[in-house]
Amino acid sequence: MKIQAKSSVNHLQKCDSLIVAIRSNTKMSRQLSDLNKLTDGAISRVEAGEQFQAKLGQVLTLSAPKGLACGSLVLFGVGDGKLKSVEVMRDALKALAKSANQTKPELVVCDFSAALQHSDPQTVCRHAVEAFADVRYRYQKQPKAARDPKPAKALKLCFQCVDKKQMSAAKSGAQIGLAISNGKTSAKDLGNMPGNVCTPTFLASRARKLGRSHNLKVKVLSEKDMGELGMGSLLSVSKGSREPAKLIIMEYFGAKNKKAAPHALVGKGLTFDAGGISLKPSGKMDEMKYDMCGAASVFGAIQAAAELKLPINIVGVVPSSENLPDGIANKPGDVVTSMSGQTIEILNTDAEGRLILCDALTYTKRFKPATVVDIATLTGAVIVALGHQTCGVMGNDQGVVDDLLAAGETSLDFAWQLPIKETYKKQLKSDYADLANIGGPSAGTITAACFLSYFTEDFKWAHLDIAGTAWGGSEGKRASGRAVPILTQYLIDQSQSA
Ligand code: BES
Ligand code: MN
Ligand code: ZN
């Protein structure tokens with residue numbers, strides 16, 4: 001996808017689709033009446049009819065309109081044009097993108113001037129780009145099974161603005177939207193891949209590829225390396241699998257000072273979670289191929305940050321493994337020693353995410369990070385609490401949590417805080433080790449975060465539980481590309497406050 005912004009409006013531009021935002025409450029603006037003249041009264045005929053009242057999100061397509069040079073004219077209702085809620089505008093833009101994409105356009109020209117008069121052009125253009133990228137996303141099936149029609153050609157989205165000021169705002173919003181969309185696309189691709197393709201080794205090769213294309217320093221630790229570091233918790237999960245575990249490290253140096261403390265993103269890269277000996281029920285077990293979506297969003301956010309050339313340093317750390325039952329797999333009651341030295345009693349082998357994350361978090365200490373955010377499809381309980389709409393955020397530093405909450409609101413990739421309190425930590429007591437890996441049936445999302453808190457005491461840390469948001473929302477059984485938007489926005493905000 002390509003984007004462009006212009007400082008003037010020209011409805012005669014040759015394109016596949018011309019989108020014109022229309023307000024419901026005012027009489028025709030000069031621009032609209034010009035368009036009306038060009039089309040020999042098409043707009044007034046629409047206004048006189050009953051199909052289209054220009055309600056927010058209402059879309060009407062006129063194909064091959066006379067007098068214009070576009071394949072179709074798409075009228076986009078924006079209500080009274082005032083942006084009361086960015087979320088509502090985003091939904092309207094999604095509806096627009098869905099309709100406008102039906103003709104498989106290659107060049108789409110948007111005159112959003114009526115929508116932009118009372119609202120922030122940066123925000124509207126950003127979400128417009130994301131909406132188009134989302135509706136156009138297709139997972140490329142494996143070659144032989146491919147039944148999809150040819151992939152659509154890359155879209156070019158051009159925003160016509162009323163002046164230079166609006167143009168530069170539109171452009172910067174569109175650039176952010178594009179970087180986030182590209183990151184989401186990468187994350188969706190990785191998430192949607194089957195578990196037999198997307199293995200820890202495959203994720204490591206993707207990291208190296210991202211390193212080459214986006215100038216990152218990439219290092220991959222083998223099981224032997226991890227053994228030498230004492231990562232007994234992470235390795236205990238992977239020993240039940242034939243696929244070797246990997247610890248993937250990606251460093252982006254965007255700050256002037258290459259030694260400036262980086263922001264660390266630590267993503268759960270469990271490429272298939274059968275539960276281990278505490279085997280999951282077989283219904284919907286296929287969805288556990290998505291258990292690496294935390295890792296995928298780290299890949300996507302670093303890609304977006306690099307595309308935006310953010311002036312900060314970032315380190316991505318991805319512990320990657322499978323979790324399968326086997327003769328030498330973890331058993332309930334086993335005790336393992338983590339890299340931190342703390343021992344863990346594994347009461348449920350299906351609570352494996354925290355077992356791989358804890359060693360990755362301990363490892364992250366060596367980067368002397370400014371902040372650490374881990375992202376994981378950690379608990380089914382977070383879906384009960386927050387659904388597929390909002391991810392859970394918890395942490396040991398309210399500043400980091402607040403920054404993530406704010407980034408969630410800006411990016412519309414929402415997060416909501418749950419409490420980490422001493423009283424919950426008691427649920428992790430074990431008679432046989434320093435910690436148990438489960439905290440009983442209540443407050444599952446919180447006790448999982450409490451477990452991680454024992455490995456994050458040396459830095460400012462927050463945890464995002466994305467088990468609900470990473471896939472399976474209103475779009476069905478598909479990876480959503482979340483948490484790329486919230487993470488990218490968090491990094492943008494950090495780069496502006498640095
Ligand atoms: N990957 C799962 C979490 C999950 C479950 C995500 C369902 C999405 C849908 C995680 O490894 C897991 O199995 N968690 C257990 C923890 C429990 C054993 C304490 C869970 O949530 O059931
Ligand atoms: Mn599990
Ligand atoms: Zn898992």
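The values are calculated or read from the model by the stated rules, or taken from the named source; none is laboratory data. Values in this document were obtained by computation on a predicted structure and should not be read as measured data. Positions of Cβ are backbone-derived with ideal geometry, glycine not excepted, and every protein chain shown enters the neighbour counts. Ligands, DNA and RNA are stripped out before the accessible areas are found, and what is left, the full protein with its side chains, is counted by its heavy atoms. Shrake-Rupley method; radii C 1.70, N 1.55, O 1.52, S 1.80 Å.
What the table below lists for this structure:
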read-out	value
Net charge of Cβ neighbours under 9 Å - reference residue 319; Lys, Arg +1; Asp, Glu -1	+1
Relative counts (whole %) of C-alpha pair distances in region 115-244, using bins that are 5 Å wide	2, 8, 13, 13, 14, 13, 10, 9, 8, 5, 3, 2, 0
Selection of GluC sites (Glu not before Pro), region 405-498, meeting DSSP coil and at most 15 other Cβ within 10 Å	457, 475
Volume per residue that the Cα convex hull of the chain spans, once the total is divided by residue count, Å³	148 Å³
Computed magnitude of the charge dipole of the chain (debye, nearest 20; Cβ of K, R +1, Cβ of D, E -1)	1920 debye
Probe 1.4 Å, protein heavy atoms only - accessible area per residue of region 65-117 in square angstrom	39 Å²
Accessible area expressed per residue, region 304-458, with surrounding protein chains retained (probe 1.4 Å, Å²)	37 Å²
FRET efficiency, residue 285 to residue 64 (Cβ-Cβ, R0 56 Å, nearest 0.05)	0.65
Kirkwood Rh in Å, taken over region 2-181 so that all alpha-carbon pairs contribute	16.4 Å
Low-density loop cleavage sites - chymotrypsin sites (Phe, Trp or Tyr not before Pro) in region 390-498, where at most 16 other Cβ are within 10 Å (DSSP)	432
Candidates per GluC sites (Glu not before Pro) in region 1-94, loop by DSSP, up to 16 other Cβ within 10 Å	50
Fraction of accessible area attributable to carbon and sulfur, the chain (%, probe 1.4 Å)	51 percent
For the chain, with +1 on Lys and Arg beta carbons and -1 on Asp and Glu, the positive-most of 410, 305, 249 along the dipole	305
For residue 461, distant residues with modelled amide H under 5 Å away	372, 396, 397
Normalised contact order of the chain, rounded percent, pairs of Cα under 8 Å and 6 or more residues apart	14 percent
Antiparallel DSSP beta bridges within region 2-181, percent to nearest 5	20 percent
Farthest positive-ward along the chain dipole, Cα basis, beta-carbon charges - from 387, 186, 443	186
Segment residue 417-residue 1, length gained on full extension (0.36 nm per residue, minus Cα span)	146.3 nm
Mean Cβ count within 10 Å, highest first, over the residues of peptides 32-44, 113-125, 434-446	113-125, 434-446, 32-44
Linear extension gain, residue 497 paired with residue 80, 0.36 nm per residue minus alpha-carbon span	146.6 nm
